[in-house]
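Q: First, the structure itself, so that you have it in front of you.
Read-outs throughout are calculated quantities, based only on the coordinates presented, and are distinct from any laboratory measurement. Bear in mind the structure is a predicted one, so any value in this text is a computation, not a measurement. FYI the Cβ positions are ideal-geometry reconstructions off the backbone, even for glycines, and counts take in every protein chain you see.
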Amino acid sequence: MNMLDDEDDQSFHATRDGYSHLSDVEWDAVERMGSTMGIHAVSVMLEALNRDAQHATIAKFIQNELDAEREKVALLHQQGSQQAELLREQGAQQFELLRQQQAAAGGSMHSRRPETLKIDISKYRLDDAIRARRIDDGEMQVAFAQSNLAERAKTWALGLNLHDPYAFG
């Protein structure tokens with residue numbers, strides 16, 4: 001690839017073969033310089049400098065590119081760190097808010113008043129009754145009711161059902 005060929009100007013033809021002392025990395029840098037500063041400016045610079053000065057100039061250009069990329073990476077890293085810290089803070093705030101809402105909503109069962117506990121138990125019983133009404137099969141209704149009974153009542157119902165299979169039906 002001959003990026004530095006100047007077809008309009010017959011006095012200068014910079015080719016890769018004309019600068020065989022430059023490595024492939026240096027030649028790639030020369031092509032990037034040409035796209036940044038202009039092909040004519042780079043060709044004049046290469047023509048005016050000796051080999052050591054060409055190497056030094058290209059090395060300085062590469063170093064400037066590296067420094068610019070490092071600055072970009074450092075800036076992106078800093079922004080990423082700031083975003084991560086912001087997300088941590090938001091998560092901690094949301095956790096604290098949820099903890100406060102939970103504490104305000106009722107706290108533990110031991111700190112509740114007996115009236116609210118009775119209301120909660122009544123809600124569960126009502127939910128069980130509604131679920132039992134939705135069961136179409138009679139035997140399944142009995143089994144559901146027996147499974148929701150407390151300990152002594154469950155023992156009594158199972159015993160009664162064993163002695164009289166038609167006790168609940």
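Q: Rounded to two decimals, what is Rg over Rh for the stretch 17-102 when you use alpha-carbon atoms and the Kirkwood radius? Don't jump to the answer; show the numbers that get you there.
A: On the way: Rg = 24.2 Å, Rh = 16.6 Å.
Here Rg/Rh amounts to 1.46.
Q: If packing is taken as the average number of other Cβ atoms within 10 Å across a peptide's residues, how do 46-58, 91-103, 29-41 rank, most packed first?
A: Details: 46-58: 14.1, 91-103: 10.1, 29-41: 15.8.
Ranking, from highest mean packing down: 29-41, 46-58, 91-103.
Q: Run the quick spin-label model on D17 and A143: label points 7 Å from Cα toward the beta carbon, then report their separation in nm to one decimal.
A: Inter-label distance under the simple model: 9.3 nm.
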